[in-house]
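Novice: This is the structure, below, for whatever I ask next.
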Amino acid sequence: MLIRRAELHFGPVVDLRIADGRIAAIGARLHAQGDETVIDADGGALLPALRDHHIHLQALAAARASVACGPPQVQDEAALVAALRAAAAQGEGWLRGVGYHETVAGPLDRARLDRVVASRPLRIQQRSGRLWIFNSAALAALGARDDGDDPFERVDGRLTGRLYDADDWLRTRLPRARPALQALSHALAARGVVGLTDTTHTNGPDDLAHFAALQARGELLQALCVMGDARLDAEADRPGVARGAHKFHLHEHALPDFEALCAAIRRSHAHGRNVAFHCVTRTELVYVLGALAETGTRGGDRIEHAAVAPPELAAELARRRLWVVTQPNFVAERGDAYLAEVEPQDRAWLYRLRGLQAAGVALAGSTDAPFGDADPWRAMQAACERRTPRGALLGADETLTPEAAHALFTGALRTPTRPAPPLAVGAPADLCLLATPWAALRTRLGAARVRMTWRAGVPVWAG
Ligand SMILES: [Zn+2]
């Protein structure tokens, strides 16, 4: 395949040939060979394709089939009620809402949900992913009673409808249906994404097998790396699906036993497996760094989010060569809530980018979809601007150049913090062709239009 007149990776306009999964030739003027397919890029930017290094595929696919209950789609109570009632009027059975945040309508409970939707079982997930709120029909469907023995919250002996940190329990009670991933995979390819790391901490051997089966059937357009729990320690890579790190989902109000955590880290390391830690508070990061000081680190161990990383902890991250996988989009999506909720002394250290790199910490980019928007181009723009939804600047010293923001999303799945090198002959043809030259896009990356995406030389998207 011959691509004519493409702007090569922030450089000159050239012709480029793809053959056998690689970039076979680059030149000012290449001639088509035989019946070779020719694409005229018309000066559009040809770039390394993207990878999202922290995403939750099954949750994202389920969310796409759910009612959005929080910003930016839903900003206030009236909009929430309208969205839920409209969804409830269609179909039957369970209704699922996602992305709720208290800025919309304050704390929710069963009584408030009953006033909106009483006819169908309804459950709404709070944006953090830790809290579900159920209406009375949903509680009844799950067999929950005021005097029952289950993890639901009770106040004065009465079910509130709230369920915290009990997804494992909930999974055993709800009908299990894995969402189809084809449409989602297609949508991500249309944004230039050719690789994904699923960071769901509950992934087990059945999930790994499921992803491998999808890959074998050609239902996934991206290469996958799948993190999960300790059960994956003994698992091997599958074709198109690499076994990822042991993911620890820490929460500062329920930190694991320190010795047990260290033992689990050592076990995974002994299996030649990396570890990854969900850290969104200063306390969580301190705890993890304490554990890793005991166990030692393995190259490729990573901190997910590192949402609060003051200078002394950034220095420790760099010293231990821990990778940070960050979500630049959270500032653009949640920045105003951070300004309202986060301790003032921690605000300067939120979702840092340039400051972490300057401290010697290797960074990779991701969206954390469905907890963030899945569009990596919007995340890149957010990395350049650091603006909250209301326009406040959060961490002016943390902005990246558009090129550096793009680089966060180009590393290989196994080495996410190492950006793709300049496109050259012999490199794998994981490519993304944009409709415009880079200069026309630099200041508004979220508006990028992807014309074509190649994974290992095979077109996976053509607009
Ligand atoms: Zn996540």
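Novice: For segment 77-137, what Kirkwood radius comes out of the mean inverse Cα-Cα distance, in Å?
Specialist: Values: mean 1/r = 0.0871 Å⁻¹.
Roughly 11.5 Å, rounded to one decimal.
Novice: Related question: Over 33 Å apart: what share of the alpha carbon pairs of the chain falls there, rounded to a whole percent? Numbers along the way, then the final one.
Specialist: Numbers: 42482 of 106953 pairs.
Beyond 33 Å sits 40 percent of the P(r) for the chain.
Novice: Sticking with this structure for a sec: What order, most packed first, do the peptides 224-231, 20-27 have when packing is the mean number of other Cβ atoms within 10 Å of each residue?
Specialist: Numbers: 224-231: 21.8, 20-27: 15.1.
The most tightly packed comes first, giving 224-231, 20-27.
Novice: Once you have the Kirkwood Rh of segment 65-210 from its Cα pairs, apply Stokes-Einstein at 25 °C and 0.890 mPa s and quote D in µm²/s.
Specialist: On the way: Rh = 16.7 Å.
Once the numbers are plugged in, D ends up at 147 µm²/s.
Novice: To continue, here is another question. Cα centroids of segment 64-139 and segment 254-329: how far apart, whole angstrom?
Specialist: After rounding, the separation between the Cα centres reads 34 Å.
Novice: So how tilted is helix 77-88 from the main axis of the chain? Cα-based, degrees 0 to 90, rounded to 10.
Specialist: 90
Novice: Something else now. Round to the nearest 10 and give me the degree value, 0 to 90, for the angle of helix 376-385's Cα axis relative to the longest principal axis of the chain.
Specialist: Helix 376-385 sits at roughly 90 degrees to that axis.
Novice: May I ask you to order 147-155, 352-360 by the average number of other C-beta atoms within 10 Å around their residues, highest value first? Working shown, then result.
Specialist: Working: 147-155: 12.7, 352-360: 18.8.
Order by mean packing, descending: 352-360, 147-155.
Novice: Still on this structure, I have one more. Under the rule of -39500 (n - 2.57) per DSSP H run of 4 or more residues, summed and divided by the residues of the chain, what mean residue ellipticity at 222 nm is obtained, to the nearest 500 deg cm²/dmol?
Specialist: Only helices count here, giving -8000 deg cm²/dmol.
Novice: Could you give the length gained by full extension between Gln33 and Arg130, i.e. 0.36 nm per residue of separation minus their alpha carbon distance, to one decimal place? Show your work: numbers first, answer last.
Specialist: Numbers: separation 97, 0.36 × 97 = 34.92 nm, distance 5.63 nm.
The Gln33-Arg130 span can extend by a further 29.3 nm.
Novice: Around Ala166, with a cut-off of 15 angstrom between Cβ atoms, what is the net charge of the other residues, counting Lys and Arg +1 and Asp and Glu -1?
Specialist: Summing Lys and Arg as +1 and Asp and Glu as -1 gives 0.
Novice: With only alpha-carbon atoms in the gyration tensor, what are the semi-axes of the equivalent ellipsoid for segment 211-350, in Å, largest first? Working shown, then result.
Specialist: Details: eigenvalues 159, 87, 31 Å².
After scaling each eigenvalue by five and taking roots: 28, 21, 12 Å.
Novice: Sticking with this one: Sort 3-12, 312-321 by the packing proxy (mean of other Cβ within 10 Å over each peptide's residues), most packed first. Display every interim value, and only then the final one.
Specialist: Working: 3-12: 18.8, 312-321: 16.8.
Going from most to least packed, we get 3-12, 312-321.
Novice: Here is a follow-up. Express the relative contact order of the chain as a whole percentage, based on alpha carbon pairs under 8 Å and six or more residues apart in sequence. Don't skip to the end; give the middle numbers.
Specialist: Details: 995 pairs, mean separation 82.4, N = 463.
Normalised by residue count, the contact order of the chain is 18 percent.
Novice: Hey, what do the phi angles of segment 24-39 turn into as Karplus ³J(HN,Hα) couplings, whole Hz, using 6.51/-1.76/1.60 and θ = phi - 60°, x for Gly and Pro?
Specialist: Karplus values, whole Hz, x for Gly and Pro: 8, 7, 9, x, 5, 8, 9, 9, 4, 9, x, 9, 4, 5, 10, 10.
Novice: What are the residues whose amide H is under 5 Å from the amide H of Tyr351, where those residues sit 5 or more places off or on another chain and H is modelled from the backbone?
Specialist: Val308, Ala309
Throughout, read-outs are computed from the coordinates displayed, never taken from laboratory work. Bear in mind that the values here come from a model prediction, so they are computed numbers and not experimental data. All Cβ positions, glycine included, derive from the backbone under ideal geometry; neighbour counts span all protein chains shown.
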